[in-house]
Each structure stands twice: as C-alpha cells, then as structure tokens.
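K.L.:
One structure is given below, represented as structure tokens, and several questions about it will come after.
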Amino acid sequence: EAGVAQSPRYKIIEKRQSVAFWCNPISGHATLYWYQQILGQGPKLLIQFQNNGVVDDSQLPKDRFSAERLKGVDSTLKIQPAKLEDSAVYLCASSARGNTYEQYFGPGTRLTVT
Amino acid sequence: SQQGEEDPQALSIQEGENATMNCSYKTSINNLQWYRQNSGRGLVHLILIRSNEREKHSGRLRVTLDTSKKSSSLLITASRAADTASYFCATDAIDSNYQLIWGAGTKLIIKP
C-alpha cells in the first residue's frame with residue numbers, strides 16, 4: 001500500500017513570496033489533514049477535510065493560508081504572502097475514518113522563509 | 001493550544017534499558033494515541049488506546065491510560081538504537097469536536 005505522498009520535500013522562499021504544497025493521501029482515505037510543525041513543537045492542525053468538505057479550519061490563518069481538496073482526493077495548501085514565522089515543516093496526513101483512528105503521515109515539506 | 005504535555009522533555013538511556021514517557025491532558029477524551037517521529041521515517045503511529053481501556057501492548061510497547069488522572073504512560077522495553085526519536089501523545093478532546101491535539105513531545109536518545 002502506497003503511503004501519503006507530499007511534494008516538494010524542501011522549499012526556500014523570501015518573505016512576501018507565495019508557495020504551494022501538494023499532498024496525495026492513501027487511496028480510499030476520506031479524511032485529510034494539514035499540520036504545521038515548528039521545530040521543537042508538536043504538530044498543529046491547520047485544516048481537516050472529510051472528502052472534499054472542510055471539517056475544521058479554526059487554526060488556519062485565512063488571511064494568508066488557503067487549502068483545497070478537489071474531488072476529495074489530493075490536496076493543495078498555499079501560503080500567500082509568506083512571513084518569516086511560517087518557517088516550519090508542513091505535514092499532510094490521512095485517516096480512513098476520522099479523528100478517532102490512526103493517522104498516516106507523509107514525509108513533510110520543510111519550508112524556510114528568509 | 002496544546003492538550004497533551006509529555007514528560008520528561010528529554011530522556012537519555014543506555015541501549016537495553018527500559019524507557020518510560022508520560023503524557024498528561026486536560027479535558028475528557030475519546031482516545032489517546034502515541035506517535036514516534038525520527039528523521040528517517042517521519043511521524044509514525046505507534047498505538048491507540050481508547051478511553052475505556054486501561055492498558056495496551058504492542059511488541060515492546062506498553063501503554064497505560066488513567067482517565068481519572070488524565071494521564072498516560074508509554075513504556076518501551078529493551079530499548080534499541082533505532083528507538084531514538086521524539087515521541088508524541090495526541091488526544092481527541094470530546095469538547096473540541098474530537099480535534100486531535102498534540103503535545104510537544106519527549107525526545108528519547110538511546111546510547112549504544
């Protein structure tokens with residue numbers, strides 16, 4: 001079974017530029033999550049999708065972050081414009097049946113904003 | 001906000017020894033999960049324990065849950081170098097629509 005795929009693995013941009021991350025979850029997993037993990041901290045949920053609908057985006061900075069999951073499969077997270085404090089690892093995860101079951105994580109995208 | 005808090009923040013032991021990490025949380029939960037994160041394999045699910053369970057085993061892992069104290073412990077027996085990683089607990093808070101909330105992790109180092 002193929003795992004969660006993410007790209008790119010690394011990205012370096014200047015502040016005020018835009019960046020996009022892509023995630024393809026495990027086939028058949030209805031729930032998809034985007035997390036932000038700052039060095040030395042645990043993951044922080046940015047947005048959760050159930051199929052192509054948003055379940056929770058309460059911690060997504062909507063003035064600069066956006067995410068979509070077209071057709072309920074792969075997903076894109078965008079930051080525009082980026083700030084220095086956005087430097088972090090962005091993790092995508094998927095789950096077969098939502099929060100009460102285990103999540104499978106991709107390798108993450110390490111973003112550095114200079 | 002962080003629901004879970006792992007203790008200790010860092011732990012260094014000799015290979016072959018047992019390692020115990022603790023997690024405390026604040027509100028009622030449906031289940032508690034432990035994950036491991038290292039540079040080689042990313043974030044990996046280890047074990048899930050439901051609120052009506054008190055103990056669960058998986059290989060060299062033993063997890064306990066005390067809902068009256070709102071705490072959990074993860075025991076790794078006969079540690080190996082490959083166990084070097086950060087360990088996180090994650091809880092789904094019932095009053096937060098079961099959103100999974102993570103602690104800051106325990107950094108475990110196994111010395112050869």
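The values are calculated or read from the model by the stated rules, or taken from the named source; none is laboratory data. In this text, all values refer to a predicted model and were calculated from it rather than measured experimentally. Backbone-built Cβ (ideal geometry, glycine too); neighbour counts: all protein chains shown. For the accessible areas, the whole protein counts, side chains as well, though only heavy atoms, and no ligand, DNA or RNA atoms are used. Shrake-Rupley method; radii C 1.70, N 1.55, O 1.52, S 1.80 Å.
K.L.:
Determine whether the range B:99-110 contains at least one residue that is more than 20 Å from B:N31 (Cβ to Cβ), buried (at least 16 other Cβ atoms within 10 Å of the Cβ) and more than 14 Å from chain A (Cβ to nearest Cβ).
P.N.:
Within the range B:99-110, one or more residues are more than 20 Å from B:N31 (Cβ to Cβ), buried (at least 16 other Cβ atoms within 10 Å of the Cβ) and more than 14 Å from chain A (Cβ to nearest Cβ).
K.L.:
Let me ask you something else. Looking at B:Q33, B:Q37 in this structure, which one is facing another protein chain (nearest Cβ under 9 Å), in contact with a strand residue (DSSP E or B) (Cβ under 9 Å, 6 or more places away or on another chain) and open to solvent by less than 10 Å² (accessible area, probe 1.4 Å)?
P.N.:
B:Q33
K.L.:
Quick check on my filter: what residues within the range A:1-40 are touching an Asp or Glu at 6+ places or on another chain (Cβ under 8 Å), open to solvent by less than 40 Å² (accessible area, probe 1.4 Å) and more than 14 Å from chain B (Cβ to nearest Cβ)?
P.N.:
Result: A:P25, single match.
Matching residues to (1) buried (at least 21 other Cβ atoms within 10 Å of the Cβ); (2) at pLDDT below 90; (3) within 17 Å of A:P8 (Cα to Cα):
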{"residue": "A:G42", "(1), (2), (3)": "yes, no, no"}
{"residue": "A:N52", "(1), (2), (3)": "no, yes, no"}
{"residue": "A:S58", "(1), (2), (3)": "no, no, no"}
{"residue": "A:L70", "(1), (2), (3)": "no, yes, no"}
{"residue": "A:A96", "(1), (2), (3)": "no, yes, no"}
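K.L.:
Still on this structure, please answer the following. Being more than 14 Å from chain A (Cβ to nearest Cβ), free of Cβ contacts under 8 Å to residues at least 12 places away in the same chain and part of a strand (DSSP E or B) is the filter here; which residues of the range B:40-63 pass it?
P.N.:
Selection gives B:E55, B:H57.
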